[in-house]
Every structure is written in structure tokens, then in C-alpha cells.
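Report on the structure given below.
The values are calculated or read from the model by the stated rules, or taken from the named source; none is laboratory data. What you see is a predicted model; the values in this text were computed from it and never measured. Neighbour counts are summed over all protein chains in view; Cβ atoms, including those assigned to glycine, are modelled from backbone coordinates with ideal geometry. With ligands, DNA and RNA removed, areas are computed over all heavy atoms of the protein, side chains included. Shrake-Rupley method; radii C 1.70, N 1.55, O 1.52, S 1.80 Å.
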Amino acid sequence: DKDKFAKDFTLLNNKINNHVQYTDFVGKVTYYLTQMGKDDYIAAISPIVINSKKITSYDGATMQVYVKAMIGSQAPDLVIIEHIGKVENHNHKTTVLKSKDFASKGFQKTLLIFYQSGCGPCEELMQQLPGQYENLKNKGIRIVSISSDESEQVYKNASNSYPWKDKYCDYKGINGVNFRNYAVLGTPTLFLIDKSGKIEKKLASIKEVLD
């Protein structure tokens, strides 16, 4: 129960006054919620954590979820790196896709998907998506997928069958610039972004979008 979890978290929030202990506590809670795909739980406690003013530094990948890509904030722009020739030749061109332009050409929203080929929950999601592609498109939702694959062959073998146009990979894994800018620690992670480029929801499954 997300609401009960937030209430219980508030009780502990009020009891821990030492800044170091509080930061450690929040970091561990956030890490395990991320591993379990409970991003909606993190969203529920975010205002409590931020308003506590007990955390003086949000260093580290885990804590970045409280300062980057928060629900209600402007989504970070996407840095699109397109490799020319073989990846190992490091010959590429870089373009920036502005978040305010995500939902262009008649789209009303954008479903931004961070995934990895071979990840169990990701495979399940990416098998479901093609069947829902037309449904989502009819709802005015544009799909943009960002892979954390590090092998060009693995990425292309999987992504070639996806029916949407906007699919990208920079072959840097979760250390890629977009994964870092969106503070994505685990896959799959989905963001539903409105027409102006603001983040409406952070999700872990396609069912939440269809509902």
C-alpha cells in the first residue's frame, strides 16, 4: 500500500534527526525500491525527503532520483548519439532532442522507455509493446526507447523488429548520458511525458499507461 508506506516513512522521517544517519537510511530505502521497480513509492516519499532538509548532498546515482527527472518537472532533453560505421571507430554525430518537442507531429504525450535486451522484465515489456503500438499511437502517445545495451549486435538484433521509429542506443550501458540525466538505475523504467515536456508519471510497466 503506497499511501501506508508513505505514512510509515513519515514516522521514521520524523524520528531520525542525525543528517548522516538520515541520508544513509533514505539511500538504502531508495535503492531497494528502485530494484523492486517501485518508482511510484519513491515519488510518494520524494516531497517528504526534500522538505525534510536533512540531506545536504544528493551525491551518488541512487540519490539523484530526488533531484533529476522528478514528476512534475521538465524532462531532460535527450542526447542522441548516432554511430557512423562501427562503434569501435568512435565516429558519430550527436543531436539533442528537446523535451518540449517530444510530442510533435500530432502526438499529445511521449512514452519514454529505458530498457536492456536480455533483462527478464524488459523482455516481457518489449514483447508486449509492438502489439500495443497502434493502440498507443491512436491515443496520441509517441514511443521513444533508449537501450542500455553495450553490444551493437545484441541491440540491433532485438530492436530491428520494434515498429516505432524512435529507438536509440549509445552502447555505454547505464552510464550513458540519458540514463544519467534521467537518474535511471534499473530497467525497465518508463516516463510518461506531456505535450509541454513535463514528466507526468514514472512507471515500471505498460499496463499503467494503458490504464
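A single entry from Met70, Met36 fulfils the requirement of being among the aliphatic types (A, V, I, L, M) and either without any contact (Cβ under 8 Å) to a residue 24 or more places away in the chain or surrounded by fewer than 14 Cβ atoms within 10 Å (Cβ to Cβ) (or both): Met36. Is there a residue being on the phi > 0 side of the Ramachandran plot and surrounded by fewer than 19 Cβ atoms within 10 Å (Cβ to Cβ) anywhere in region 173-195? Yes, that holds for at least one residue.
Say whether the condition of being among the polar types (S, T, N, Q), more than 27 Å from Asp211 (Cβ to Cβ), out of contact with any Lys or Arg (no Cβ under 7 Å at 6 or more places or on another chain) and touching a residue at least 12 places away in the same chain (Cβ under 8 Å) is met by at least one residue in region 126-142. Looking for residues that are among the polar types (S, T, N, Q), more than 27 Å from Asp211 (Cβ to Cβ), out of contact with any Lys or Arg (no Cβ under 7 Å at 6 or more places or on another chain) and touching a residue at least 12 places away in the same chain (Cβ under 8 Å), one finds none in region 126-142, hence no.
The helices (runs of 4 or more DSSP H) located wholly in region 82-184 that include 1 or more residues which are of a type in the set (Asp, Glu) occupy 120-138, 152-159.
Residues in region 196-211 that are open to solvent by 40 Å² or more (accessible area, probe 1.4 Å) and modelled with pLDDT of 90 or more: Ser196, Lys198, Glu200. Here the condition is being among the acidic types (Asp, Glu) and open to solvent by less than 40 Å² (accessible area, probe 1.4 Å); of Asp77, Asp149, it holds for Asp149 alone.
In this structure, Lys156 qualifies as more than 14 Å from the chain's Cα centre (by Cα) and more than 18 Å from Leu111 (Cα to Cα). Within region 85-109, residues that are within 15 Å of Val177 (Cα to Cα) and of a type in the set (D, E, K, R) reach partners that are at pLDDT 95 or above and open to solvent by less than 80 Å² (accessible area, probe 1.4 Å) with beta carbons closer than 6 Å, at six or more positions or on different chains, in the pairs Lys98/Asp77.
Among the residues of region 141-200, write down those that are closer than 16 Å to Val79 by Cα, touching an Asp or Glu at 6+ places or on another chain (Cβ under 6 Å) and of a type outside the set (Val, Ile, Thr). Selection gives Cys169, Tyr171, Gly173, Gly176. Exactly one residue among Lys156, Lys195, Lys167, Lys172 is of a type outside the set (Phe, Trp, Tyr) and under 29 Å from Gly27 (Cβ atoms), and that residue is Lys172.
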